[in-house]
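Inspection log for the structure reproduced underneath, given as structure tokens.
The values are calculated or read from the model by the stated rules, or taken from the named source; none is laboratory data. Since the model is a prediction, treat every value here as computed from it, not as a measurement. Glycine also receives a Cβ, built like all others from the backbone with ideal geometry; neighbour counts cover every protein chain displayed.
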Amino acid sequence: WKFGFTGPNCTVRRTMIRKEIFRMSTAEKEKFIAYLNLAKRTISQDFVIATGTYEQMNSGSNPLFADINVYDLFTWIHYYASRDAFLEGGLVWRDVDF
């Protein structure tokens, strides 16, 4: 797998352009908002979210999980990826890098 390439052998270049929302046309904005709304109404087929701690789940014998929509899943992943990073020597990198 190579970033920016697709196809069976990752030999076809696929250029992606990140657009600034304030410079999108009305049609592009409407399509973007429609996809966000769809993500909010689409339950993930692959992931659930814990609704309690391991202790509250009695060491796993009483599982507490709920379905999660795609929008909330990606929001959680972004939040998790943006959290503090633990570095060697007990140091912590607190700055979000995006």
Tell me whether the range 15-31 contains one or more residues that are small (Gly, Ala, Ser), outside any loop (DSSP other than H, G, I, E, B), at positive phi and more than 22 Å from the chain's Cα centre (by Cα). no
How many residues does the range 11-68 contain that are charged (D, E, K, R) and touching a residue at least 12 places away in the same chain (Cβ under 8 Å)? 3
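Yes/no matrix, rows are residues, columns are (1) at pLDDT 85 or above; (2) aromatic (Phe, Trp, Tyr):
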| position | (1), (2) |
| --- | --- |
| Ala27 | yes, no |
| Ile33 | yes, no |
| Ser44 | yes, no |
| Ala50 | yes, no |
| Tyr54 | yes, yes |
| Val70 | yes, no |
| Phe86 | no, yes |
| Gly89 | no, no |
Have a look at Pro8, Pro63 and point out the one that is surrounded by 10 or more Cβ atoms within 10 Å (Cβ to Cβ) and either farther than 29 Å from Arg94 by Cα or touching a Pro at 6+ places or on another chain (Cβ under 6 Å) (or both). Pro63
Among the residues of the range 38-52, how many are outside any helix (DSSP H, G or I) and either under 14 Å from the mean Cα position of the chain (by Cα) or surrounded by 11 or more Cβ atoms within 10 Å (Cβ to Cβ) (or both)? 10
Working only within the range 56-92, note down all residues that are over 16 Å from Gln45 (Cβ atoms) and acidic (Asp, Glu). Asp84, Glu88
